[in-house]
Structure formats: structure tokens, C-alpha cells
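To start, the structure itself, in C-alpha cells.
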Amino acid sequence: MAKVWQSRPPRGVAVDLPRVRALAAGPHPGGTPRVHREGGRVYVHYGRTRLYLDRDAWEALPGPDDVLVQRIAPSDAPAFTIALTRAELERTFGEVRQTRSWDTVRCYHFPTLPPAVASFRVASR
């Protein structure tokens with residue numbers, strides 16, 4: 001059975017939120033997840049060179065509408081930002097929590113971008 005991240009789900013609900021756009025337009029956040037709170041919602045923001053799901057960042061999102069915002073800056077392409085609610089993370093990438101790396105090194109990274117990333121990409125203006 002194909003993994004959800006190998007498909008392209010509907011456009012993410014967080015990609016156009018004003019706070020997400022502000023984080024995406026700001027400076028690179030660094031590699032350590034940073035927690036921001038605004039309007040009753042939690043945002044966790046960090047950056048990496050590829051899609052890198054950090055367990056601490058995921059677990060810092062208490063509610064289904066809280067948002068993970070990740071700047072992805074590959075060495076061979078322009079940087080971009082993705083944003084997913086916790087519910088979208090669980091629905092799209094939840095299987096990574098069953099991996100050994102999730103348990104031992106507390107992360108899961110993708111060597112290449114899966115098709116699902118396109119649905120959560122924050123548009124630049």
C-alpha cells in the first residue's frame with residue numbers, strides 16, 4: 001500500500017494563515033524548533049536542508065489546529081517553507097512515528113521531497 005506522503009493531498013489549511021506567512025517571510029529560524037503562540041494557536045518553526053520531521057517539534061503541537069512551520073533550504077534549489085496543522089501531520093506523515101529512527105534519534109528525514117510536500121508549501125508573494 002502506498003504511503004500517504006507519496007500522493008498529493010488537498011492544499012493545506014495553514015499555508016495562508018497570516019502568522020505562517022510572516023514566519024515564512026522572516027529570517028531563517030535555525031535548526032532548533034521554536035515555539036510561538038498567537039491567537040490561541042501554537043506555531044513551531046524551524047529550518048533544515050530537507051524535509052525533517054523533528055519529534056520535539058511535533059510533540060510541541062498540543063492541538064489538532066496547531067501548526068508546524070518548516071523552512072526547507074536545499075543546497076541545490078531555492079529555499080521554501082511548508083506549514084501543516086498537527087492533524088495534517090498525523091494524517092499525511094503519521095507513519096514515521098512507527099520507525100526506529102523516531103524512537104532512537106527522535107526524528108525522521110526524507111532524502112528526497114515526497115509529492116505531499118507540494119500541498120503544504122507556503123506561496124511567496
- [ ] Please order His45, His36, His28 by the number of other Cβ within 10 Å, starting at the fewest.
- [x] His28, His36, His45
Task: Computed E for Glu59/Glu38 - FRET, C-beta separation, R0 30 angstrom, nearest 0.05 - done: 0.95
Open item on the list: Can you give me the distance in nm between label points at Val4 and Ser101, each placed 7 Å from the Cα along the Cα-to-Cβ direction?
Closed with: 1.9 nm
Task: Global form of the stretch 51-118, assessed from the alpha-carbon gyration tensor, a/c cut-off 1.5 - done: oblate
TODO: Describe numerically, in nm with one decimal, the distance between label points set 7 Å from Cα along Cα→Cβ at Ala77 and at Ala118.
DONE: 1.1 nm
Open item on the list: Just to check I understand the Karplus step: with θ = phi - 60° and J = 6.51 cos²θ - 1.76 cosθ + 1.60, what whole-Hz values come out for the stretch 8-20, glycine and proline as x?
Closed with: 10, x, x, 3, x, 6, 8, 5, 9, 5, x, 5, 5
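Would you please classify the overall shape of the stretch 36-81 from the alpha carbon gyration tensor, given that a ≥ b ≥ c denote the square roots of the eigenvalues, rounded means a/c under 1.5, and beyond that prolate means a/b larger than b/c while oblate covers the rest?
Working: a/c = 3.55, a/b = 2.07, b/c = 1.72.
It comes out prolate by the Cα gyration axes.
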TODO: Report which label in (i) 14.4; (ii) 15.6; (iii) 16.6 holds the value of Kirkwood radius over Cα pairs in Å derived from the coordinates of this structure.
DONE: (i)
Task: Sequence-separation-based contact order of the chain, relative, with Cα cut under 8 Å and 6+ spacing, percent - done: 34 percent
Task: Cα-based shape type of the stretch 8-49, given that a ≥ b ≥ c are square roots of the gyration tensor eigenvalues and the cut on a/c is 1.5 - done: oblate
TODO: Add +1 for every Lys or Arg and -1 for every Asp or Glu among the other residues with Cβ under 15 Å from the Cβ of Arg34, and state the total.
DONE: 0
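Readers should treat all values here as calculations from the given coordinates under stated rules, not as data from a laboratory. Predicted model only: the values in this text are computed from it and were never measured. Quick reminder, even Gly has a Cβ in these numbers, built from the backbone with ideal geometry, and neighbours come from all protein chains shown.
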